[in-house]
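Everything below concerns the one structure shown next.
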Amino acid sequence: MALDRGEPKRFNSSPGVERSFCPDCGTPISFRSAKMSDVLHLYVATLETPEAMQPTLHVSHEERLSWLHLDDNLPTCTGPDYTKVHPLPDA
């Protein structure tokens, strides 16, 4: 990943959580949590070609809106720990 210009601003929104945002317009860019294996999560809407990134699973699946029905057959996780993947339903 490369930034078009400059460096994002970063702040700790709570203990163990770092967020970054554009210093010019305030657009959120990333999220990192020590409780989530310290992996950097990027907001897909900030990418120049978001369709180039293919999802591999749904995290915090239980928090989806009630009207959202996903039929992409990707595995799901309950809560933010994406290391605990639920098996795919039988097709």
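The values are calculated or read from the model by the stated rules, or taken from the named source; none is laboratory data. In this text the structure is predicted, and so the values were computed from the model without any measurement. Heads up, the Cβs are rebuilt from the backbone with ideal geometry, glycines too, and the neighbour counts pull from every protein chain shown.
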Taking the stretch 7-57 and keeping residues part of a helix (DSSP H, G or I) and among the aliphatic types (A, V, I, L, M) leaves Ala34, Met36, Val44, Ala45, Ala52
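Please work out if Thr27 is at pLDDT below 85, surrounded by 10 or more Cβ atoms within 10 Å (Cβ to Cβ) and touching a helix residue (DSSP H, G or I) at 6+ places or on another chain (Cβ under 8 Å). Steps first, please.
Numbers: at pLDDT below 85: no; surrounded by 10 or more Cβ atoms within 10 Å (Cβ to Cβ): yes; touching a helix residue (DSSP H, G or I) at 6+ places or on another chain (Cβ under 8 Å): yes.
So Thr27 does not fit the description; no.
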Taking interchain pairs and intrachain pairs at least six residues apart, which have beta carbon atoms under 9 angstrom, with the first residue in the stretch 20-42 and on the phi > 0 side of the Ramachandran plot and the second among the acidic types (Asp, Glu) and part of a loop (DSSP other than H, G, I, E, B)?
-> Ser37/Asp81
